[in-house]
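Q: Next up is a structure, given as structure tokens.
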Ligand SMILES: [Zn+2]
């Protein structure tokens with residue numbers, strides 16, 4: 001499965017600067033060949049549900065997390081009330097950052113220092129992840145992008161990232177992302193507001209700072225956990241996109257249905 005073509009990278013990039021860096025790319029022109037490294041580089045290649053797994057790590061060590069991805073799919077469908085595509089996703093699991101870098105460098109040079117990468121082609125979805133202490137979180141983050149990109153014709157950048165930050169956690173965490181929650185509560189108690197239209201201005205993931213990821217996650221968490229009303233509004237917004245209709249800017253949509261959303265969200269986190 002060697003391939004030698006270069007990828008035409010031209011679209012959205014997902015970049016965050018701390019604590020981990022991620023990249024999601026949508027490729028608009030792509031080689032026909034599947035971008036897997038030389039077959040000899042993989043310890044095993046096999047199919048698990050809708051995933052084609054290419055791993056440099058012992059399959060026994062990765063298999064539990066890979067199996068949990070089918071539950072992740074159901075969790076996303078149940079939470080968002082949208083139907084996810086069953087399109088095949090190629091999972092490329094690297095044994096070290098060096099192996100990942102060697103593979104990614106000729107294809108997506110800007111992604112070489114990151115632990116995970118999602119790439120979308122016209123007919124394929126690839127998730128690249130380094131096997132390290134946070135690999136399952138990174139895997140779930142990027143596979144969430146893969147599910148959403150396969151199932152929705154478009155998605156605002158901040159919302160794409162907010163949803164990935166929400167679903168990257170094990171289901172038992174119920175969406176509470178501890179890397180953001182403490183800091184967010186303090187900001188709310190200091191009467192610093194939650195941004196709305198500023199998030200919607202973000203066009204490129206290179207623009208997204210860690211605070212933007214935190215605030216994107218915060219809006220997703222608030223909508224899904226504050227009340228039935230806010231949850232339904234988020235679900236309706238995504239369903240509208242899935243029907244290939246244009247719902248307009250999210251915060252205008254949210255506040256049209258729930259005028260006190262911003263004040264309620266800030267109060268929600270202040271009293272958390
Ligand atoms: Zn991401």
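Q: Can you name the helices (runs of 4 or more DSSP H) wholly within region 156-246 that have at least 3 residues being buried (at least 16 other Cβ atoms within 10 Å of the Cβ)?
A: Filter on region 156-246 gives 157-167, 178-189, 210-225, 228-242.
Q: Identify, from the list 145, 149, the residue that is touching a helix residue (DSSP H, G or I) at 6+ places or on another chain (Cβ under 6 Å), under 22 Å from residue 220 (Cβ atoms) and surrounded by 17 or more Cβ atoms within 10 Å (Cβ to Cβ). Lay out the reasoning, then the answer.
A: On the way: 149 fails: touching a helix residue (DSSP H, G or I) at 6+ places or on another chain (Cβ under 6 Å).
Being touching a helix residue (DSSP H, G or I) at 6+ places or on another chain (Cβ under 6 Å), under 22 Å from residue 220 (Cβ atoms) and surrounded by 17 or more Cβ atoms within 10 Å (Cβ to Cβ) holds for just one of 145, 149, which is 145.
Q: Another question, then. Output the number of the condition that residue 75 fails; it satisfies all remaining conditions of (1) modelled with pLDDT of 95 or more; (2) in contact with a helix residue (DSSP H, G or I) (Cβ under 6 Å, 6 or more places away or on another chain); (3) surrounded by 22 or more Cβ atoms within 10 Å (Cβ to Cβ).
A: It is condition (3) that residue 75 fails.
Q: How many of the residues making up region 237-253 are under 13 Å from residue 82 (Cα atoms) and free of Cβ contacts under 8 Å to residues at least 12 places away in the same chain?
A: Within region 237-253, residues that are under 13 Å from residue 82 (Cα atoms) and free of Cβ contacts under 8 Å to residues at least 12 places away in the same chain number 2.
Q: Just to be sure, is residue 50 modelled with pLDDT of 95 or more, surrounded by fewer than 19 Cβ atoms within 10 Å (Cβ to Cβ) and closer than 21 Å to residue 169 by Cβ? Quick ask: steps written out before the conclusion?
A: Numbers: modelled with pLDDT of 95 or more: yes; surrounded by fewer than 19 Cβ atoms within 10 Å (Cβ to Cβ): yes; closer than 21 Å to residue 169 by Cβ: no.
Answer is no for this residue.
Q: To continue, here is another question. Would you mind stating whether residue 123 is assigned to a loop (DSSP other than H, G, I, E, B), more than 25 Å from residue 253 (Cα to Cα) and either more than 15 Å from the ligand (Cβ to nearest atom) or more than 11 Å from the chain's Cα centre (by Cα) (or both)?
A: Working: assigned to a loop (DSSP other than H, G, I, E, B): yes; more than 25 Å from residue 253 (Cα to Cα): yes; either more than 15 Å from the ligand (Cβ to nearest atom) or more than 11 Å from the chain's Cα centre (by Cα) (or both): yes.
For residue 123, the condition - assigned to a loop (DSSP other than H, G, I, E, B), more than 25 Å from residue 253 (Cα to Cα) and either more than 15 Å from the ligand (Cβ to nearest atom) or more than 11 Å from the chain's Cα centre (by Cα) (or both) - is met.
Yes/no per residue for (1) farther than 24 Å from residue 136 by Cα; (2) without any contact (Cβ under 8 Å) to a residue 12 or more places away in the chain; (3) within 13 Å of the ligand (Cβ to nearest atom):
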site: 160; (1), (2), (3): no, no, yes
site: 165; (1), (2), (3): no, no, yes
site: 185; (1), (2), (3): yes, no, no
site: 192; (1), (2), (3): yes, yes, no
site: 221; (1), (2), (3): no, no, no
site: 231; (1), (2), (3): yes, yes, no
site: 235; (1), (2), (3): yes, no, no
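The values are calculated or read from the model by the stated rules, or taken from the named source; none is laboratory data. Small disclaimer: the values here were computed from a predicted structure and weren't measured. Positions of Cβ are generated from backbone atoms using ideal geometry, with glycine treated the same way; all protein chains shown enter the neighbour counts.
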